[in-house]
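Below is one structure, written out as structure tokens, with a few remarks after it.
The values are calculated or read from the model by the stated rules, or taken from the named source; none is laboratory data. Please read all numbers here as calculations on a predicted model, not as lab measurements. So basically every Cβ, Gly included, is an ideal-geometry build from the backbone, and we count neighbours across all protein chains shown.
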Amino acid sequence: MTTVSGGGPGGATPLVRLRGLSKKFGDVAAVQPLDLDIFAGDFFALLGPSGCGKTTLLRMVGGFTPPSTGTVEIDGQDVTRLGPEQRPTNMVFQGYGLFPHMTVRQNIGYGLRIAKASDAEIAERVGAIMTLVRIGELAERRPDALSGGQAQRVALARALVMRPRVLLLDEPLAALDLKLRKQMQEELRRIHQSIGGTFVFVTHDQGEAMGLANRIAVMEAGACVQEGGPEEIYLRPKTRFVSSFIGEANMLAGERRGGTVTLRAGIAFTDAGPDGPVVLVVRPEAIRLDGGTAGLGTTGRLDDVVFLGPYVRYRVTLASGEEIAAHSADTGRRAGMAVGAAVQIGWEAADHRVVAGT
Amino acid sequence: MIGPSGAVFLLLFVAPFAFLFVVSFWRKKMFVLEPDFTLVNYSETLADYGWPLAFTLMIAFAIAVLTTVLAFLFAYAIRFHAGRYANALLFVTLITLFGGYLVKIYAWKTILGTEGILNSALLTLGIVDQPLTVFIYNPGAVVVTLTHFLLPLAVLPVFASLRGVREAGLEAARDLGAGATRVFRDIVVPQCLPGIMAAFTFSFLIAAGDYVTPRYVGGPYTSMIGDFIEGQFSLRFDWPAGAAMSFTILGAGLAIIALVRWALGALRPR
Ligand SMILES: Nc1ncnc2c1ncn2[C@@H]1O[C@H](COP(=O)(O)OP(=O)(O)O)[C@@H](O)[C@H]1O
Ligand SMILES: [Mg+2]
């Protein structure tokens, strides 16, 4: 039985419900008042650049940081005032927080021992979870004899063995090298599917968020600026920040007057919305070169062509001085493209987003 | 192969120690030491000095426990509540806590004596109309004075081991369901057992061997073994007796330390 996607909005009541939750450290507003719903079965990502308040938000859910305002509800119960030891959550800490004086087996069994499980039950559950995260052979080691990847797995096992209603992970892959990171990412997905739990993780890596999560909340300077599925966030970013943070995006500056947007690059089209400066966001893979037909377009100078395996990347400079990146899977066509020559670029209106701002 | 430091160690510490140990089995005849192998010095120690021995072990134990607990509380507060000022605070406090041994004895005499600060305050406040004599010249005064003297020595090893205790581990324990007491017992203390044992061992051995403090603030009924040992060597020139008493208190002391270590071992994780 696997759970691939969570309930999502419109489903049943959320498992975790945050209302007006905020945190101030002195004058620093680490998290601005925000509402967030996380549903059972979700693999939820809190995504944002370093210092935007992700860890603080996660710690408020786990009970480590008392919020300045707002409430945390888990499973319909208000847990705002409860400490971590009283919440049905478990956390995988960024630095792992393993107990250095205990073996791997003792580390993993500690929570069950506190819960007064019988020795037989502890042995069985610890054994099972070590098999699940594939660390069976490390049982008698001490944390200082583990590699980063192994310590990560032990921390994961120690939290998972408690069967938390919500598993919280703070930058679970950040400390690992690239190869391990990819491997652990697969591993986390496999584990989430096999136990069907609810995972909430913090990351500053959009690729990681896209690769793991079924729902993503993008944070900027303590505020949640957009929340939704990976596709929605990628294809329909609500702000310039979101579009630049998630994947690669071309940004073209312009202005809207009376429902008509005029770009500095010399393109005009109708688009309803308030007057003022706007930015047009369009992904590199939506740009066609010498497409000719429908949609929007202009000409520019081809500056660079790079073959990247599955696709070719073109860099085009427009008359406005703005640069456009285009990705094309049609790798055979680049032979006919001369660097320095004029090219026609274009895209379908459905593929771009217009967001307010400069 | 032993380097120069090894030679110095042998010469300064091991040799006199070994010599005294041998002497403890000798006899003294008319102020002359006579090689022998007799246990009579030990049996006389137990027969004649049984009470001072037991009293010394008890008071040293009390002092060591008190000192270690205070040192722990102190180091814990600095480690977990002083934030980035921890090192500066530690330094300042240790500077003020360190100080001459005799200076501290006289300081406590000045505080606890019949004309001391404590009595003056009580008289001035009208709480008593006669100076109280219960503050000084009793075992309590020895405990207070020696604890004050030993505190900085005990804080250092405890703080050193507490420094290695990471906050993330404490939070992880709470996350797994441990309340404050369990976190303390299962995570904090086991990780600084070496520091705690070092503090306890230092305090216990120094307190058990001290003979100056009881003489100045202990009064007539605080008979600590160090006082008698010193007498054997300096007044009676009975080295075999003094040596036997020294090794008896040392042996008993080490046994108690071993017992404490074993008891604390119960805190090791399962
Ligand atoms: N304990 C704290 N005391 C004071 N300021 C803090 C504390 N924790 C975090 N902050 C501040 O709050 C902001 C958000 O931090 P954090 O939640 O750790 O961000 P992120 O995890 O997204 O990198 C930062 O400006 C940080 O300096
Ligand atoms: Mg963080």
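In the set A:Val79, A:Val92, A:Val72, A:Val61, which member is closer than 27 Å to A:Ile195 by Cβ, surrounded by fewer than 21 Cβ atoms within 10 Å (Cβ to Cβ) and β-branched (Val, Ile, Thr)?
A:Val79
In the stretch A:90-102, what count of residues is obtained for those that are within 7 Å of chain B (Cβ to nearest Cβ), in a strand (DSSP E or B) and of a type outside the set (Phe, Trp, Tyr)?
2
Among (1) within 12 Å of another protein chain (Cβ to nearest Cβ); (2) free of Cβ contacts under 8 Å to residues at least 24 places away in the same chain; (3) away from ligand 1 (no atom under 16 Å from the Cβ), where does A:Thr80 come up short?
Single failed check for A:Thr80: (1).
Let me confirm something: among B:Leu112, B:Leu193, B:Leu153, which residue is in contact with a Phe, Trp or Tyr (Cβ under 7 Å, 6 or more places away or on another chain), of a type in the set (A, V, I, L, M, F, W, C) and closer than 21 Å to B:Val65 by Cα?
Answer to the selection: B:Leu153.
Which of the residues spanning the stretch A:53-68 are within 9 Å of ligand 2 (Cβ to nearest atom) and small (Gly, Ala, Ser)?
The answer is A:Gly53, and nothing else.
Check A:Leu21 against each of (1) more than 14 Å from chain B (Cβ to nearest Cβ); (2) surrounded by fewer than 23 Cβ atoms within 10 Å (Cβ to Cβ); (3) touching a helix residue (DSSP H, G or I) at 6+ places or on another chain (Cβ under 8 Å) and name the one condition it does not meet.
Condition not satisfied by A:Leu21: (2).
For every residue, the table says whether it meets (1) in a helix (DSSP H, G or I); (2) among the polar types (S, T, N, Q); (3) more than 16 Å from ligand 1 (Cβ to nearest atom).
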position: A:Arg153; (1), (2), (3): yes, no, yes
position: A:Ala157; (1), (2), (3): yes, no, yes
position: A:Pro164; (1), (2), (3): no, no, yes
position: A:Leu169; (1), (2), (3): no, no, no
position: A:Gln183; (1), (2), (3): yes, yes, yes
position: A:Glu186; (1), (2), (3): yes, no, yes
position: A:Gly207; (1), (2), (3): yes, no, yes
position: A:Gly211; (1), (2), (3): yes, no, yes
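Could you please find all residues in the stretch A:28-52 being within 12 Å of ligand 2 (Cβ to nearest atom), more than 14 Å from the chain's Cα centre (by Cα) and assigned to a loop (DSSP other than H, G, I, E, B)?
A:Gly51
Could you grab me the full set of residues in the stretch A:32-69 that are closer than 25 Å to A:Gly211 by Cβ and β-branched (Val, Ile, Thr)?
A:Ile38, A:Thr55, A:Thr56, A:Val61
Can you confirm whether the stretch A:244-263 contains a residue that is basic (Lys, Arg), over 30 Å from A:Ala174 (Cβ atoms) and outside the structural domain of A:Lys24 (by TED's automatic domain parsing)?
Yes, there is a match, as at least one residue in the stretch A:244-263 is basic (Lys, Arg), over 30 Å from A:Ala174 (Cβ atoms) and outside the structural domain of A:Lys24 (by TED's automatic domain parsing).
Checking the structure you have, find out if any residue of the stretch B:98-118 is more than 27 Å from B:Ala62 (Cβ to Cβ) and small (Gly, Ala, Ser).
no
What are the pairs with Cβ atoms under 8 angstrom where one residue, in the stretch B:54-72, is in contact (Cβ under 8 Å) with a residue 12 or more places away in the chain and over 16 Å from B:Val144 (Cβ atoms) and the other, located anywhere, is in a helix (DSSP H, G or I) and of a type in the set (Gly, Ala, Ser)? Sequence gap at least six, or different chains.
Here the result reads B:Thr56/B:Ala208; B:Thr56/B:Gly226; B:Leu57/B:Ala208; B:Leu57/B:Ala252; B:Leu57/B:Gly253; B:Phe72/B:Ala199, each pair linking the stretch B:54-72 to a residue that is in a helix (DSSP H, G or I) and of a type in the set (Gly, Ala, Ser).
Mind telling me which of the residues A:Arg87, A:Arg105, A:Arg125 ends up being within 9 Å of chain B (Cβ to nearest Cβ) and among the charged types (D, E, K, R)?
Step by step, each of A:Arg87, A:Arg105, A:Arg125 is checked, and only A:Arg87 is within 9 Å of chain B (Cβ to nearest Cβ) and among the charged types (D, E, K, R).
From (1) farther than 21 Å from A:Val279 by Cβ; (2) small (Gly, Ala, Ser); (3) within 16 Å of ligand 2 (Cβ to nearest atom), pick out the condition that doesn't hold for A:Ala221.
Just one mismatch for A:Ala221, condition (1).
Exactly one condition in (1) touching a residue at least 12 places away in the same chain (Cβ under 8 Å); (2) within 14 Å of another protein chain (Cβ to nearest Cβ); (3) away from ligand 1 (no atom under 12 Å from the Cβ) is not met by A:Phe64; state its number.
Among (1) touching a residue at least 12 places away in the same chain (Cβ under 8 Å); (2) within 14 Å of another protein chain (Cβ to nearest Cβ); (3) away from ligand 1 (no atom under 12 Å from the Cβ), the lone unmet condition for A:Phe64 is (3).
The rows are residues; the columns are (1) within 16 Å of ligand 2 (Cβ to nearest atom); (2) on the phi > 0 side of the Ramachandran plot; (3) within 14 Å of another protein chain (Cβ to nearest Cβ).
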| site | (1), (2), (3) |
| --- | --- |
| A:Arg163 | no, yes, yes |
| A:Leu178 | no, no, no |
| A:Glu187 | no, no, no |
| A:Ile191 | no, no, no |
| A:Phe201 | yes, no, no |
| A:Gly207 | no, no, no |
| A:Leu212 | no, no, no |
| A:Gln226 | no, no, no |
| A:Ile233 | no, no, no |
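Please verify whether B:Pro214 is within 21 Å of B:Phe149 (Cβ to Cβ), touching a Ser or Thr at 6+ places or on another chain (Cβ under 7 Å) and either of a type outside the set (Val, Ile, Thr) or more than 14 Å from every other protein chain (Cβ to nearest Cβ) (or both), treating the condition exactly as stated.
It is true that B:Pro214 is within 21 Å of B:Phe149 (Cβ to Cβ), touching a Ser or Thr at 6+ places or on another chain (Cβ under 7 Å) and either of a type outside the set (Val, Ile, Thr) or more than 14 Å from every other protein chain (Cβ to nearest Cβ) (or both).
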